[in-house]
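Contents: one structure, followed by commentary.
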Amino acid sequence: MAEIIKMPKLGFDMAEGTLIRWVKNEGESVEKGELIAEIETDKATVEVESLYSGTVRKHLVAESAIVPVNTPIIVIGSADEEIDLAALTGEAEAPTEAAPAAVPPQETAHAQPEQAPPAAIQADVQLPDGVRASPLARKIAKDKSVNLTLLSGSGPKGRIIKADVEAALNAPQTGTTASPVPSTPADLGPVREDKRVPLTRLRQAIGRRMVDSKQNFPHFYVTSEVDLGPLMELRKQANAMLEDRGEKLSVNDFIVKATALALAKFPNLNAALDGDSVVQFGNINVGIAVAVENGLLTVVTHNADRKSVRQISQEVKAKAGRARAGKVHPDDVSGSTFSVSNLGMFNVDHFIAIINPPEAAILAIGSGKQVPVVVDGELTVGWRMKGTISVDHRVSDGAEAAQFMAAWVKLLENPLHLMLE
């Protein structure tokens, strides 16, 4: 029986996505779980997996089309069945003389490439830098300092692909290079001109969400300091044991685990406001902010309270790697119930983060540092780290946030509990 796959909805505010590439062509066989397409959202390039096994009978949208969420994009069926597209996609039945013809077996493999997609999704997307290029082509061009605006694309609709960038890199250079003109140290050259840089779709999406959050979510903040000494010692021992396996636990892996266990004790912070009610989520799905080109992307560790620190470490590294490569899976970035933003690697003392709607809170982590501390009246050197929780005041109050932070600090200062739970 033929089935359709729709444009997935990744995040509560996603309204549409751009189908940038079909991985499976019409007439090709596909297994459940295989990649069938790549779509670009406001946040990332996402690989879409097939929900069914069978044959790709029909692409319902063209490459580079903007597609609203939940719009049918592809038909999967057996190779020899006839398919009524109108009935399958739920379109209103047209008059008899204009009724769409059924898709005959195997005929879709020879569909004409000039067929237009449905009218509702034909509009072109506003392209980054005004250039249509694949994510891989953009990455190579950036790494090799190639100006994409000077290239002609050989892909669909003139899209610049990897081969076009490589051809430009291998092309012989023309003209002569002038000898540099000596200058005195005081000669700094001409003043740089103003440059207008268009916002990427990711930056626009971040801007919309953060303006909404700061305007409509009454934030308050609570900061606590952690004695990291015991955790640093335990982490050192654990990493020595994992070294021969090529694994390494980060401080952030322990932070995610401690956050999840603390949230289990304070479910009102693992929540979202819904009208006159607070939805306390049963699952504890911790989102971790990852720096990507032109912004941030939140990858999600689902049920983090039920996973070991080592499982969290492996999962976060894999998902963060896909995020930075622009190849996230839908499950990587969806379903977070609480977020953690860690700037510790940038030598940040502490900071406050903006809540990620519709969540009720977010935790901001500063750097772990060796600093002068007083222990039992004696001045010594110790490891310290600060964390700041931002909370929606409509959902919770300062006392509850302070109690959460106290539980979080206790878990990190007694890290053996994190390895045993």
The number of residues in segment 183-206 that are within 19 Å of the chain's Cα centre (by Cα) and at pLDDT 90 or above is 0
Being under 30 Å from Gln215 (Cα atoms) and touching an Asp or Glu at 6+ places or on another chain (Cβ under 7 Å) is the filter here; which residues of segment 386-421 pass it? Lys386
Subset tally (residues that are open to solvent by 30 Å² or more (accessible area, probe 1.4 Å) and either in contact with a Phe, Trp or Tyr (Cβ under 8 Å, 6 or more places away or on another chain) or within 16 Å of Leu231 (Cα to Cα) (or both)) for segment 247-266: 5
Given the structure, is Arg306 surrounded by fewer than 23 Cβ atoms within 10 Å (Cβ to Cβ) and at pLDDT below 95? no
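Looking at segment 322-338, which of the residues that are farther than 30 Å from Asp143 by Cβ and either among the polar types (S, T, N, Q) or open to solvent by 50 Å² or more (accessible area, probe 1.4 Å) (or both) is nearest to the chain's Cα centre (by Cα)?
Taking the candidates together, the pick is Ser336.
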(1) surrounded by fewer than 17 Cβ atoms within 10 Å (Cβ to Cβ); (2) under 19 Å from Ile206 (Cβ atoms); (3) modelled with pLDDT under 95 all hold for Phe351 apart from (3)
Qualifying positions in segment 375-415 - surrounded by fewer than 17 Cβ atoms within 10 Å (Cβ to Cβ) and either in a loop (DSSP other than H, G, I, E, B) or within 28 Å of the chain's Cα centre (by Cα) (or both): Asp376, Gly377, His393, Arg394, Asp397, Asn414
So which residues in segment 267-277 are polar (S, T, N, Q) and surrounded by fewer than 19 Cβ atoms within 10 Å (Cβ to Cβ)? Asn268, Ser277
Every residue in segment 20-32 that is more than 13 Å from Ile74 (Cβ to Cβ) and either hydroxyl-bearing (Ser, Thr, Tyr) or open to solvent by 40 Å² or more (accessible area, probe 1.4 Å) (or both), please. Ser29, Glu31, Lys32
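The values are calculated or read from the model by the stated rules, or taken from the named source; none is laboratory data. In this text the structure is predicted, and so the values were computed from the model without any measurement. FYI the Cβ positions are ideal-geometry reconstructions off the backbone, even for glycines, and counts take in every protein chain you see. Only protein heavy atoms, including side chains, enter the accessible area calculation; ligands, DNA and RNA are left aside. Shrake-Rupley method; radii C 1.70, N 1.55, O 1.52, S 1.80 Å.
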